[in-house]
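What follows is a single structure, written as structure tokens, with notes after it.
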Amino acid sequence: MSRVLVGVKRVIDYAVKIRVKPDHSGVVTDGVKHSMNPFCEIAVEEAVKLKEKKFIKEVVAVSCGPTQVTETIRTALAMGCDRGIHVEVSGKDYEAMGPLQISKIFAALAKKEEASLVILGKQAIDDDCNQTGQMTAALLDWPQGTFASEVTIDGEKVKVVREIDGGLETIKISMPAVLTADLRLNTPRYATLPNIMKAKKKKIANMKPADLGVDEPPTRLAGVKVETVDDLVAKLKANGTI
Amino acid sequence: MLIHTMFPASRYSIQAQRCIRVLKTVKADHAPPQLYTWRWKCSSAVTPRITSHYTICPRDKDPRWEGVEMERFADEADVVIVGGGPAGLSAAIRLKQLANEQEKELRVCLVEKASQIGAHTLSGACLEPSALNELFSDWKERGAPLNTPVTEDVFSLLTKKYRIPVPMLPGLPMNNHGNYIVRLGHFVRWLGEQAEELGVEIYPGYAAAEVLFHEDGSVKGIATNDVGIAKDGSPKDVFERGMELHAKVTLFGEGCHGHLAKQLYRQFNLRENCEPQTYAIGLKEVWLIDEKKWRPGRVEHSVGWPLNRNTYGGSFLYHLNEGEPLVALGVVVGLDYTNPYLSPFREFQRWKHHPFIAKTLEGGNRIAYGARALNEGGYQCLPKVTFPGGMLIGCSPGFMNVPKIKGTHTAMKSGMLAAEAIFPKVTAKDLASETAGLHVPEYEDNLKKSWIWKELYSVRNIRPSFHSYFGLYGGMVYTGVFYWILRGKEPWTLKHAGLDSAQLRPAKECTAIEYPKPDGKLSFDLLSSVALSGTNHEGDQPPHLTLKDDSVPVANNLAIYDGPEQRFCPAGVYEYVPLETGEGMRLQINAQNCVHCKTCDIKDPSQNINWVVPEGSGGPAYNGM
């Protein structure tokens with residue numbers, strides 16, 4: 001029971017009004033206030049809490065993206081993570097990147113770092129995908145405790161109380177496992193200035209997706225708009241989906 | 001508050017629940033009508049509790065704070081700078097340039113309340129590159145974002161429907177030849193990058209909340225804000241004390257009407273030989289306009305409509321040249337206005353409907369909004385700027401050249417002069433100082449010998465010349481005659497009218513102003529404007545707009561002046577709402593909307609509002625304003 005990997009994502013701050021770029025290729029991000037995804041903050045807090053309760057020895061914060069994500073990793077370090085990993089992806093590759101590539105990266109890192117737990121936020125507030133945690137677990141063939149509102153470690157197993165549509169579900173899964181944090185899991189602590197100063201001395205390792213054996217994200221094909229449901233069914237039959 | 005409903009509930013639900021729980025407790029404990037007994041100032045009126053900040057309700061007598069660890073972590077630097085604006089960053093850069101030249105070690109720490117450098121910066125702006133040329137002679141190669149040289153300069157006197165052109169003669173202070181239209185937020189961000197490269201430690205997201213003093217009364221440094229205090233003033237689970245940063249000299253560059261500077265003026269009696277500072281509020285928007293209307297490098301200024309001749313103010317509209325057809329535009333209103341029914345925000349919105357302005361904006365889209373107070377006092381209002389352990393730089397003491405409407409170049413220069421005065425003292429091997437915190441009066445001497453002083457002296461009489469019966473016209477005539485011909489060499493110095501907060505006339509003596517409804521295309525309502533500023537604060541914290549006495553707003557501001565704060569606040573923080581029980585009104589403070597403009601602290605006729613800094617990284621999220 002030694003190491004936990006926590007994923008943090010740098011997203012546009014939730015209070016900022018989003019503006020679409022004039023060429024409609026995306027949203028304006030240059031100079032816009034960014035911060036750590038709120039669910040990732042909760043994930044970091046849970047990992048640090050587990051370390052404080054002595055269930056785990058080391059918390060590693062991981063983020064994928066351009067150089068600016070190191071600020072987000074520093075915040076995670078200031079909250080109590082021990083070291084960081086920055087998987088560098090920038091420019092067009094970063095814009096094309098989706099949960100599948102991220103989960104491949106996390107799966108490779110989880111194996112490399114011999115992590116017992118991977119804790120992620122349930123979803124990011126910019127894309128609301130809610131896929132990375134589940135895909136990572138599938139790629140690793142690990143059990144998953146998603147939408148966690150309570151996590152308790154019990155020997156070699158983890159008891160997770162999940163928030164589902166019908167209410168609360170309690171499951172017991174064995175480690176290693178993937179957990180995704182939901183809103184009521186905890187209240188994240190502040191990253192105070194003395195901790196930010198200390199975090200500057202903590203290590204952030206730098207690597208590329210290729211170093212982990214993850215290839216380029218495929219170019220995304222354009223979508224097609226259809227007029228009626230019948231057209232949709234016909235198209236799906238034509239390309240063999242149904 | 002409507003602003004809550006615009007954002008996903010997920011982040012707010014847990015906090016909203018906590019807030020509701022807390023407010024229920026407060027309501028139960030202090031349900032109106034009831035006398036307050038443990039507030040240090042008793043009010044006899046039926047007043048619901050508004051202020052819970054520890055600067056008004058001390059924590060040492062508060063039973064909820066018993067046993068809470070109040071020790072602070074402390075760190076030492078050579079120089080600490082409060083404020084990451086043009087002045088603070090120029091001072092930091094100059095210090096490090098000198099340190100690198102002379103191969104000396106120097107630890108410079110800069111704290112900034114915004115979440116990132118430039119996020120709280122707002123200005124027109126037409127930058128005069130004089131100070132920048134002195135700081136970085138190679139600023140072009142370093143990529144400073146000065147992309148729009150001024151190509152045309154237009155000045156108008158507006159009436160309700162028409163425009164009277166005023167010739168821009170060379171020599172008039174408003175002439176902009178050789179200057180650049182900049183997005184000051186981006187310029188400040190670039191300065192921040194240069195500073196970090198030189199080795200300055202920059203900490204955005206941490207506000208300096210308290211000045212620390214040595215035993216001998218000199219300034220020891222600052223302490224950053226505490227975090228994790230609930231709205232009712234009690235400690236939360238995540239409570240943590242701020243950190244102390246000690247320094248040999250502390251530079252205060254908080255910008256116009258800084259809250260720590262306010263304390264320092266009182267502590268060291270820095271304003272005994274100058275007039276009280278007078279201010280204006282500037283409201284600004286950035287628009288993406290129709291390409292056919294775009295004329296990059298064009299600078300337009302106007303005076304007159306919609307303000308009457310006795311209300312100082314004017315407008316600006318600058319065409320930027322940064323790829324997209326952007327214009328920065330806004331209105332400045334002097335805060336010495338007398339009519340409590342005046343709303344600077346609504347004046348700004350209706351000004352946009354003037355045909356001369358509307359024709360540029362038609363078919364365009366508004367993409368940003370913000371507001372900030374600025375200095376109007378100039379030479380007559382300069383305080384003493386040095387004291388044992390520290391000094392004031394930039395717009396905080398106030399070096400803005402009012403008729404030029406430029407303060408960035410003088411703010412930068414003041415920062416550089418401060419750095420040059422401090423450097424020999426902080427790196428000296430044997431520091432022979434009378435006080436524990438260094439006193440560097442050489443800074444003030446250097447200021448007086450520099451071009452800042454000459455510039456401010458020559459324009460000193462222009463702003464006060466507006467105070468006659470002829471108002472605007474008197475001012476324009478005075479500028480034309482005395483400034484253009486004599487360049488400020490006249491032997492007299494005119495006085496300002498006094499404290500801005502004392503200028504309001506009672507509501508019953510004034511006529512209410514009928515403002516047109518916003519049309520949603522050129523003019524907009526307040527709340528959607530505030531949403532564009534990106535402002536937000538942690539909801540569960542004591543409101544940072546503190547009232548010295550909770551009963552004064554209804555008893556004085558509302559009763560005599562019809563609640564001017566609900567009109568002058570550009571963010572809708574202050575609202576007078578009916579009491580839930582019984583008759584009467586109460587003041588509701590929507591602290592989360594605050595854009596940190598400081599207008600309320602300046603203009604409150606009762607001087608009851610004391611703006612203190614909220615938890616760091618709260619406030620607007622301006623991008624290149």
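Each value in this text was obtained by applying a stated rule to the coordinates, not by laboratory testing. Note that the coordinates shown come from a computational prediction; the quantities given were computed from them, not determined experimentally. Cβ coordinates were reconstructed from backbone atoms using ideal geometry, including for glycine residues, and neighbour counts include every protein chain displayed.
Residues of the stretch A:102-117 with an amide N closer than 12 Å to a point placed 7 Å from the Cα of residue A:129 along the Cα-to-Cβ direction: A:102-106.
In what order do B:433, B:137, B:343 fall by count of nearby beta-carbon atoms within 10 Å, going from fewest to most? All intermediate terms of the calculation are to be shown ahead of the outcome.
Details: B:433 16, B:137 9, B:343 21.
By the 10 Å Cβ count, ascending, the order reads B:137, B:433, B:343.
Take the Cα of residue A:229, step 7 Å toward its Cβ, do the same at residue A:153, and the gap between the two points is 5.1 nm.
Enter the per residue convex hull volume of chain B, computed from alpha-carbon coordinates, in Å³ rounded to the nearest integer.
Working: hull volume 99.3 nm³, N = 625.
Considering the Cα atoms of chain B, their hull volume per residue is 159 Å³.
Here's the picture: charge each Lys and Arg Cβ at +1 and each Asp and Glu Cβ at -1 in chain B, and of B:169, B:319, B:214 the one pushed furthest to the positive end of that dipole is B:169. Taking each residue as 0.36 nm, the span from residue A:90 to residue A:242 lengthens on full extension beyond its C-alpha to C-alpha distance by 51.1 nm.
Counting only C-alpha contacts under 8 Å and six or more residues apart, can you give the relative contact order of chain A as a whole percent? Numbers along the way, then the final one.
Values: 472 pairs, mean separation 54.9, N = 242.
Relative contact order, chain A: 23 percent.
Over the stretch B:92-209, calculate the relative contact order: mean separation of alpha carbon pairs under 8 Å at least 6 apart, over the residue count, as a percent.
Working: 156 pairs, mean separation 55.1, N = 118.
Relative contact order of the stretch B:92-209: 47 percent.
Across the stretch B:498-625, Cα-Cα distances exceeding 18 Å account for 59% of all pairs.
Please compare each pair in A:21/A:225; A:54/A:112; A:9/A:172; B:292/B:521 to a cut-off of 25 Å on the Cα-Cα distance and tell me which ones are over it. Each step should come with its number before you reach the end.
Details: A:21/A:225 22 Å; A:54/A:112 23 Å; A:9/A:172 28 Å; B:292/B:521 18 Å.
Pairs exceeding the cut-off: A:9/A:172.
In terms of Cα to Cα distance under 17 Å, which aspartates and glutamates are near enough to residue B:236, apart from those fewer than 8 places away along the same chain? In chain and number order, the partners are A:45, B:60, B:62, B:66, B:69, B:71, B:226, B:538, B:540, B:615. Calculation over all alpha carbon pairs of the protein assembly as shown in 10 angstrom steps from 0 returns a P(r) of 2, 12, 21, 24, 21, 13, 6, 2, 0, 0 percent. Here the Gaussian network model covers chain A, with springs between Cα atoms less than 10 Å apart; of A:231, A:165, A:82, A:231 fluctuates the most. By the helix-only formula, in which each DSSP H run with n ≥ 4 contributes -39500 (n - 2.57) and the sum is divided by residues, chain B has a 222 nm mean residue ellipticity of -7000 deg cm²/dmol. Think of each Lys and Arg Cβ as +1 and each Asp and Glu Cβ as -1; about the Cα centre, that makes the dipole of chain B roughly 1940 debye.
Counting only helical runs of four or more DSSP H residues, what would the 222 nm mean residue ellipticity of chain A come to if each run contributes -39,500 (n - 2.57) and the total is spread over all its residues?
When only DSSP H runs of four or more count, the value is -8500 deg cm²/dmol.
Return the FRET efficiency for the residue pair residue B:579, residue B:367: r is the Cβ-Cβ distance, R0 is 41 Å, and the value is rounded to the nearest 0.05.
Details: r = 39 Å, r/R0 = 0.96.
Using R0 = 41 Å, I get an efficiency of 0.55.
Between residue B:508 and residue B:308, how high is the FRET efficiency from 1/(1 + (r/R0)^6) when r is the Cβ-Cβ distance and R₀ = 22 Å? Nearest 0.05.
Values: r = 19 Å, r/R0 = 0.87.
Once the sixth-power term is evaluated, E becomes 0.70.
Note on the stretch B:73-182: Cα-Cα pairs beyond 18 Å make up 66% of the total pair count.
Can you give the charge dipole size of chain A about its Cα centre, rounded to the nearest 20 debye, using +1 on the beta carbon of Lys and Arg and -1 on the beta carbon of Asp and Glu?
Values: 35 positive and 32 negative charges, 193 e Å.
For chain A, the charge dipole is close to 920 debye.
The H on the amide N of residue B:210, modeled in the peptide plane, is under 5 Å from the matching H of B:223, each at least 5 residues off or on a different chain. In the structure shown, the pairs A:17/B:284; A:198/B:104; B:284/B:508 are assessed against 21 Å; a Cα-Cα span above that value is assigned to A:198/B:104; B:284/B:508.
Given 0.36 nm per residue, what is the gain on full extension from residue B:517 to residue B:434 after removing their alpha carbon distance, in nm? Don't skip to the answer; put the middle values down first.
On the way: separation 83, 0.36 × 83 = 29.88 nm, distance 6.16 nm.
Computed gain between residue B:517 and residue B:434 is 23.7 nm.
With the charge dipole of the stretch B:442-601 set up from +1 on Lys and Arg Cβ and -1 on Asp and Glu Cβ about the Cα centre, the Cα lying farthest toward the positive end among the listed residues B:576, B:484, B:469 is that of B:484. DSSP beta bridges fully contained in the stretch A:1-94 are about 25 percent antiparallel. Here the simple spin-label model places points 7 Å from the Cα toward Cβ, and for residue B:493 and residue A:28 these points are separated by 4.3 nm. Other residues with beta-carbon under 10 Å from the beta-carbon of residue A:9 carry, at +1 per Lys or Arg and -1 per Asp or Glu, a net charge of -1.
Ranking of B:289, A:171 by neighbouring Cβ atoms within 10 Å, starting from the fewest: A:171, B:289.
Of all aspartates and glutamates in the structure, those lying under 19 Å Cα to Cα from residue B:140, and not within fewer than 8 positions of it along the same chain, are B:128, B:193, B:196, B:197, B:322. Relative to the Cα centre, the charge distribution of the stretch B:505-624, modelled as +1 at Lys and Arg Cβ and -1 at Asp and Glu Cβ, gives a dipole magnitude of about 400 debye. Partner aspartates and glutamates whose Cα lies under 19 Å from the Cα of residue B:495, excluding those fewer than 8 positions away in the same chain, are identified as B:272, B:275, B:336, B:376, B:455. Indicate the gyration tensor shape class of the stretch A:8-128 (rounded, prolate or oblate), computed on the Cα atoms with a ≥ b ≥ c the square roots of the eigenvalues: a/c under 1.5 is rounded; otherwise a/b larger than b/c is prolate and the rest oblate. Prolate shape, in that a/c is at least 1.5 and a/b is the bigger ratio. Across the options B:334, B:135, B:398, the greatest Cα extent toward the positive end of the charge dipole of the protein assembly as shown (unit charges at beta carbon of Lys, Arg, Asp, Glu) belongs to B:334. Scanning chain B for GluC sites (Glu not before Pro) in DSSP loops with at most 13 other Cβ atoms within 10 Å, what's the longest stretch left with none? Here the longest segment lacking exposed loop sites spans B:273-361.
Sparsely packed loop sites in the stretch A:55-106 (the trypsin sites (Lys or Arg not before Pro) outside DSSP H, G, I, E and B with at most 16 other Cβ atoms within 10 Å) comprise A:57.
Considering only A:15, A:205, A:107, the Gaussian network model of chain A with Cα springs below 10 Å gives its largest mean-square fluctuation to A:15.
Sequence-distant contacts, meaning Cα pairs under 8 Å at least 6 residues apart, place the relative contact order of the stretch B:473-625 at 29 percent. Counting every other Cβ atom within 10 Å of each residue's Cβ, B:600, B:274 order from fewest to most as B:274, B:600. Here the label points at residue B:74 and residue B:469, each 7 Å from Cα along the C-beta direction, are separated by 6.2 nm in the simple model.
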